[in-house]
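Nothing in this text is a laboratory measurement; each read-out follows from the coordinates by a stated rule. Note that the structure is predicted; figures quoted are calculated from it, not measured. Because the Cβ atoms are built from the backbone with ideal geometry, glycine has one as well, and the counts that use them run over all protein chains shown.
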Amino acid sequence: MNGGQDPSQPQPATPPPPPPETQARGTTNVRVRRPTPATSTPPPVVAQPTPAQPTPAQPTTPVPVQTTQLSLVMEPNVGPVQTSVRFVGDLPARARMRGLEVRFSGASPVRATRVTRDSFYATVPSNAQTGPVEVSMGGRVLWTGGPFRVVPSDSGLLVPVPVARGLTGKVYRLNGGTQRLPDLGAQGQPFATIVVPNLAVNPRRFSEGFPGIAADQGSLVEWFAIRFEGTIEVPAGGAREFKLFSDDGSVLYIDGQKVIDHDGLHVASAKTAQVQLSPGKHKIVVDYFQGPRYYIALELHWRGNAQEAWQIVPPEALSR
Ligand SMILES: [Ca+2]
């Protein structure tokens, strides 16, 4: 169908820059810092006896208990190896002073970097696997969280998504020759689950794959489908226009209603529709499928009225 696709197909809108808290990185030049040998660390400071309080009636400040666990959140909780992951929480001073180590499932611990009052970063080792994450100090585990989900990306296109932002995508294999979207709710276990900040995949060669399910998962460059689910937050009520741009088929549902049907095998092209929505959050589902080579594309745009410019629905408007 789109084997003879015209390379002069419509120019897609430029995807928005990632939100400031994301850590988009190249995947080839990030080096994992090795833990510093113990011999290079200064000797521990011997605590000096505290002088007696001149006013005994004054209450003493409680000393933090050694067994206090770190209260941390890992964001994003999904990403490719050799990118940085941010941990946010209330770090005790001793953690900042002595350094923290992060162990991703299946890999040796890595030293936390860029430690601030309430956050630090860790580079995901190249042999990390999907699973729990441990943060430790001096060999003692302070926090166990996760799981961190490792997704393949050799293209650098995948942007790790902050917790709760973006859309979840369930990926299914399709039989070669599929002409239309099957019922993705009846496909059983997905082949993979991915998280995307928004739908901003401009037309690209099929061989690049879909961001998040690139080369590591082999042949998934043709004949696959993805059901994206989450909520969309509408800033103002009234008539709102949506534009769904895809290669091949796609369908947009809001609050269970089919809003745009752009199904079938076709080159990168758009369909639009207008829908009345109240301000606030609405359930959104976008079904997408990639049939044959040579191109892949999926973009969701919106605007408040016909006088506004089309804009790709930003990550800030999507949650899961
Ligand atoms: Ca295609």
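Close amide-amide hydrogen proximity is noted between Ala112 and Leu100, Glu101, Val102, each under 5 Å apart and 5 or more residues distant or on a separate chain (H modeled in the peptide plane; Pro and chain starts excluded).
Per-peptide packing, taken as the mean over residues of other Cβ atoms within 10 Å, places 202-210, 255-263, 173-181 in the sequence 202-210, 255-263, 173-181 from highest down. Packing here is the average count of other Cβ atoms within 10 Å per residue, and on that basis the peptides 272-279, 123-130, highest first, run 123-130, 272-279.
Backbone amide hydrogens, once placed in the peptide plane, bring Asp248 within less than 5 Å of Phe289, Gln290, Gly291, Ala297, excluding anything fewer than 5 places away on its chain.
The range 213-313 gives an Rg/Rh value of 1.01, both radii derived from C-alpha positions and Rh following Kirkwood.
Within the range 70-150, the proportion of Cα pairs with more than 22 Å between them is 12 percent.
Computed from backbone phi, the HN-Hα couplings of the range 304-315 come to x, 7, 5, 7, 7, 6, 5, 9, 5, 3, x, x Hz, rounded to whole numbers (Karplus: 6.51 cos²θ - 1.76 cosθ + 1.60, θ = phi - 60°; Gly and Pro given as x).
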